[in-house]
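Colleague: I'd like to ask you about the structure that follows.
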Amino acid sequence: MIREKEQYYSPIIFLLDFISVFVSFGLSVYIYMKFIIFLDPALTGFRIPLSPMLYWDTTLNVLPFLTAIFILFFNIISKKEYIQRRRSFDFITQTIMPCIVSAIIFFGIAAINPQFGVNSLFLAVFIILLWFFLSVDRLLMLSIISFLHTKSGYIRYLLIIGTNKEAVKMADLFERHPKWGIRVVGFLTYDFNEVGTQIGNYSVIGTIDDMMITLEKNVVDFVLLSQLPEKVSQIYNASLRCKTVGIDFIMDSDILFQKVEKVSIEKIENSSIIFFKSVWNSPEKLFIKRAIDFFVSGILIVLFAPFWAVIPFIIKRDSPGPTYYIQERVGKNGRLFPMYKFRTMVVGAEKMQTQLMHLNEMDGPVFKIKDDPRLTRVGKLLRRTSLDELPQLFNVFLGNMSLVGPRPPILKEVLQYRPWQRKRLSVTPGVTCLWQVSGRNEIKFDEWMKLDMQYIDNWSLLLDLKILFMTVKAVISRKGAL
């Protein structure tokens, strides 16, 4: 109904995005050529090209690549809820994440391959301008849509089956948002005695049995079932009548599924199935999340190369035993995988745990001691700086873990979970999470679990980025470090 209209406007938004890329690119070239290119390299840190024309030629060569990548990200990451968005601010904020993701890719390519032809300063100007123009084109589209939906030719009419509070609530929703371009014709009732009465601002114009007569007398584009009848056959008959006259039949899923928010319909050959998703993550965004995990972890593994030599050497010199500690952890939906860490404890530390249970500072099934006597001297330093977690970058690179997600538990902890706590296993575990940036061992177990639920229910790429920045701050301040 509304999404159909959003799909109608998508090509226009795509065209505006395309224009924004070209305008931003041209203006970036002008600013660079006019104000930046002639600055002292000692100030800018960038080498000046041989000539302005040579710079123009090299940047022009990558314009198709820039255009394709940016438009791809903005159409995958950005939500296309042009009609449903209530505030102009939403359109501005939705462009931030694609710009950041694209910037990471471009800066990475420019750093790895100087022959890419565009320096980092130019890209910074380009990305800032692009964010501005993309925000403007969405605000422009919002204004156009709002204007068109006040004109009669663009208004669509809705007939609601039901007279309960859910039906009235739905009617009021469309009345509060005229920019959606939907007007309520009235209500159909199951009770003949209600015909002709007024419910709120709307009239009961007939019964469900008189539905065909109502459709003939009124302009109706959609029929929405918002109250269940006594007989299931009445739903079938109502949908069949709509199909007969070519009118779309819609059903409010809340009346069947008790406020289930994550429902989708999928087609398998000739059958349609209703899919109740426990976690609402679009495949496109999960692909972007995995791509970021893969590339960022790969880059960090290379950048931290000195640590792979220095830390194992120090661990070996400090105490006997292996360099790495490999422990079986529980991943997505109960999958087991080996999680890697630098060893921070003495050999046989797990066997000593039963003797130290009285020192446990965490409630629930988790065992944690702030000043754990099993820690080695180097282990204490690694824990305080979180360097012991570095090998988990390999887990991220391999796909067992993500940069951000609930921390992977051990199996004996999972066996003590209550049913609602098992939901944290529904997503890929991460190196960092809300719990780690909120105080870690200072938080009780149930509160920790609730933070994970909060992350799962509100997940977005922007939230991941926020947690990563908070993690850097927490590591520097050593807040909650063990």
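Colleague: In region 239-276, which residue that is at pLDDT 75 or above and among the basic types (Lys, Arg) is farthest from the chain's Cα centre (by Cα)?
Modeller: Out of the qualifying residues, it is ARG241.
Colleague: Still on this structure: How many residues does region 340-390 hold that are assigned to a loop (DSSP other than H, G, I, E, B), over 23 Å from VAL472 (Cβ atoms) and touching a residue at least 12 places away in the same chain (Cβ under 8 Å)?
Modeller: Number satisfying all stated conditions: 16.
Colleague: Can you find a residue that is modelled with pLDDT of 90 or more and surrounded by fewer than 16 Cβ atoms within 10 Å (Cβ to Cβ) anywhere in region 472-479?
Modeller: Checked region 472-479: no residue is modelled with pLDDT of 90 or more and surrounded by fewer than 16 Cβ atoms within 10 Å (Cβ to Cβ).
Colleague: May I pose another question? Determine, yes or no, whether TRP435 is within 25 Å of LEU336 (Cα to Cα), surrounded by 18 or more Cβ atoms within 10 Å (Cβ to Cβ) and modelled with pLDDT under 90.
Modeller: Criteria met by TRP435.
Residue by residue, here is whether (1) aromatic (Phe, Trp, Tyr); (2) assigned to a helix (DSSP H, G or I); (3) surrounded by 12 or more Cβ atoms within 10 Å (Cβ to Cβ); (4) modelled with pLDDT of 90 or more holds:
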| residue | (1), (2), (3), (4) |
| --- | --- |
| VAL302 | no, yes, no, yes |
| PRO306 | no, yes, no, yes |
| ALA309 | no, yes, no, yes |
| PRO312 | no, yes, yes, yes |
| LYS316 | no, yes, yes, yes |
| PHE337 | yes, no, yes, yes |
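Colleague: Within region 204-235, work out how many residues are under 37 Å from the mean Cα position of the chain (by Cα) and in a helix (DSSP H, G or I).
Modeller: So the answer is 1.
Colleague: Tell me which of these GLU328 doesn't satisfy, since it passes every other one: (1) over 18 Å from ARG383 (Cβ atoms); (2) in a helix (DSSP H, G or I); (3) not β-branched (Val, Ile, Thr).
Modeller: (2)
Colleague: Tell me, which helices (runs of 4 or more DSSP H) wholly within region 85-176 include 1 or more residues that are basic (Lys, Arg) and modelled with pLDDT of 80 or more?
Modeller: The qualifying helices (runs of 4 or more DSSP H) are 165-176.
Colleague: Sticking with this structure for a sec: Filter region 420-432 down to residues that are among the charged types (D, E, K, R) and free of Cβ contacts under 8 Å to residues at least 40 places away in the same chain and give me whichever is surrounded by the most Cβ atoms within 10 Å (Cβ to Cβ).
Modeller: ARG424
Colleague: Another question about this same structure. Looking only at region 404-419, which residues are of a type in the set (A, V, I, L, M) and surrounded by fewer than 21 Cβ atoms within 10 Å (Cβ to Cβ)?
Modeller: Those that are of a type in the set (A, V, I, L, M) and surrounded by fewer than 21 Cβ atoms within 10 Å (Cβ to Cβ): ILE410, LEU411, VAL414, LEU415.
Colleague: What tally of residues in region 167-203 results from selecting those that are under 43 Å from the mean Cα position of the chain (by Cα), charged (D, E, K, R) and over 26 Å from THR244 (Cα atoms)?
Modeller: Number satisfying all stated conditions: 5.
Colleague: Would you mind stating whether LYS289 is assigned by the TED database to the domain that holds ARG418, outside any helix (DSSP H, G or I) and among the basic types (Lys, Arg)?
Modeller: Criteria not met by LYS289.
Colleague: Limited to region 195-205, what total is found for residues that are modelled with pLDDT under 90 and either crowded, with 17+ Cβ neighbours inside 10 Å or within 12 Å of GLY162 (Cβ to Cβ) (or both)?
Modeller: Residues meeting the conditions: 2.
Colleague: Quick one: in region 339-378, of everything that is aromatic (Phe, Trp, Tyr) and at pLDDT 85 or above, which residue is surrounded by the most Cβ atoms within 10 Å (Cβ to Cβ)?
Modeller: Applying the filter and picking the extreme gives PHE342.
The values are calculated or read from the model by the stated rules, or taken from the named source; none is laboratory data. Remember, predicted model here, so these are calculated numbers, not experimental data. No Cβ is skipped: glycine too gets one built from the backbone with ideal geometry, and neighbour counts run over all protein chains shown.
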